[in-house]
Amino acid sequence: MQKIAIPLIAGDGVGPEVTSASVSIIDAAVSKAYSDRAVEWLPVPAGQKAYEELGTYMPDSTLEAFRKYGLGLKGPLTTPVGGGIRSLNVYLRQNLDLYVCLRPIRWFSGVESPVKHPEKVNMVVFRENTEDIYAGIEWECGTPQASRFYSFLKDEMGVEKVRFPETSSFGVKPVSKEGTRRLVRAACRYAVDNNLPSVTLVHKGNIMKFTEGGFRKWGYELALEEFGDYISSGKLEVKDCICDAFLQNALLKPEDYSVIATLNLNGDYISDMLAAQVGGIGIAPGANINYEKGLAIFEATHGTAPDIAGKNIVNPCSNLLSGVMLLEHIGWNRAAQLIYSALERSFVEGYATQDLARLMSNGNSLSTSEFVKRIIELI
Ligand code: NAD
């Protein structure tokens with residue numbers, strides 16, 4: 001029996017409901033697809049429960065488990081109020097240097113969408129996770145730090161463009177050549193490995209010449225240096241698009257795009273807009289990955305949904321589809337495919353949790369446990 005060990009964070013709020021649903025469905029699909037493979041789930045502590053029991057939101061042993069096994073599935077975590085940690089998710093990404101936020105976006109037949117042809121949207125977003133204006137380097141207006149930073153800009157850098165210096169907060173946007181290269185490398189590698197036609201560098205380099213413009217320039221350089229053969233033989237197209245134009249084009253001609261590589265802030269907006277286009281904002285999956293270290297944590301993109309926790313109505317699909325990405329990541333594609341097919345069939349027949357079913361013309365609302373049972377039956 002080939003067993004793969006996967007550390008599992010149950011999460012807070014609806015976390016335990018969505019992760020136990022994912023585990024049941026993934027186990028069913030793996031055992032249906034293979035007679036000689038199984039997942040060994042390793043529960044690891046994190047979040048509110050870990051804090052109550054161990055006095056820390058993210059024990060070192062949990063980080064160590066991710067490092068040791070290189071994989072993880074994670075439910076959503078409450079952001080601690082106060083206490084120095086901005087967000088446990090950001091902490092995890094920074095601590096483990098998970099520099100790619102991977103968000104595949106596809107439509108499932110049967111899911112209601114606000115656009116006429118959601119089936120034309122089939123993209124995979126590589127969002128840079130560690131740099132950009134999201135790096136968390138900022139100072140609030142009125143603080144000594146903000147005033148000191150402004151003095152540095154004015155006195156030492158000759159900056160005269162700050163319109164209202166006394167009432168400005170300041171943020172810093174670091175974008176590096178190394179950070180760009182590893183992100184664009186991962187996007188190109190993914191496109192090549194999955195026979196996808198193009199990688200589009202999405203940026204605002206027309207305005208932010210050295211940061212976003214640097215991303216475009218270094219991205220093209222990397223693509224030519226390391227994937228030149230694929231480009232010259234026509235197997236891979238590498239192109240770029242200014243972000244505002246991309247947001248229009250993604251609505252008007254989504255079929256022109258396949259793999260997207262972009263910086264942190266653009267990627268945040270783009271991922272959710274594309275997910276909304278396929279009606280999937282509530283079920284969009286995601287992963288945070290460091291390809292060099294071989295570390296990948298798969299997680300639901302929604303939060304802990306405290307308003308519905310414990311009511312057996314949460315939609316487990318975002319966490320489940322993140323688990324399906326994990327199966328694909330380790331090459332267990334047959335099990336992944338079984339889950340995709342079962343979900344699609346259930347949606348086409350109108351059976352879904354209430355958040356999706358209420359939008360379907362033939363919708364039948366199921367509780368979380370009824371939905372899990374149905375998907376396992378379909379598998
Ligand atoms: P949320 O995503 O938890 O909830 C927003 C709304 O969407 C709620 O009405 C909720 O009921 C609904 N919803 C979310 N997921 C759903 C699902 N799977 N099925 C059905 N309905 C669903 O966002 P929030 O309320 O802004 O955040 C709550 C907490 O979660 C905060 O502490 C926040 O910091 C945290 N959070 C964690 C993550 C993460 O761990 N990745 C991500 C976002 C927010």
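Considering only the range 276-300, state which residues are within 7 Å of the ligand (Cβ to nearest atom) and farther than 21 Å from S109 by Cβ.
E299, A300 - these are the residues of the range 276-300 that are within 7 Å of the ligand (Cβ to nearest atom) and farther than 21 Å from S109 by Cβ.
Let me spell it out: the conditions are (1) at pLDDT 95 or above; (2) near the ligand (Cβ under 10 Å from one of its atoms); (3) in contact with a strand residue (DSSP E or B) (Cβ under 8 Å, 6 or more places away or on another chain), and K311 meets all of them except one. Which number is the exception?
Every listed condition holds for K311 apart from (3).
Yes or no: K32 modelled with pLDDT of 95 or more and either more than 20 Å from the chain's Cα centre (by Cα) or among the basic types (K, R) (or both)?
Spelling it out, K32 is indeed modelled with pLDDT of 95 or more and either more than 20 Å from the chain's Cα centre (by Cα) or among the basic types (K, R) (or both).
Hey, E64 hits all of (1) closer than 26 Å to I4 by Cα; (2) in contact (Cβ under 8 Å) with a residue 60 or more places away in the chain but one; which does it fall short on?
Checking E64 against (1) closer than 26 Å to I4 by Cα; (2) in contact (Cβ under 8 Å) with a residue 60 or more places away in the chain, the one that fails is (2).
I'd like the full set of residues that are open to solvent by 50 Å² or more (accessible area, probe 1.4 Å) and closer than 18 Å to A5 by Cβ, limited to the range 290-313.
Answer for the range 290-313, where residues must be open to solvent by 50 Å² or more (accessible area, probe 1.4 Å) and closer than 18 Å to A5 by Cβ: just K293.
Which one is nearest to the ligand (Cβ to nearest atom), of the residues in the range 314-364 that are among the hydrophobic types (A, V, I, L, M, F, W, C) and surrounded by fewer than 19 Cβ atoms within 10 Å (Cβ to Cβ)?
L359
The values are calculated or read from the model by the stated rules, or taken from the named source; none is laboratory data. Since this is a predicted model, take the numbers as computed values, not measurements. Cβ coordinates were reconstructed from backbone atoms using ideal geometry, including for glycine residues, and neighbour counts include every protein chain displayed. The accessibility values were calculated without ligands, DNA or RNA, using every heavy atom of the protein model including side chains. Shrake-Rupley method; radii C 1.70, N 1.55, O 1.52, S 1.80 Å.
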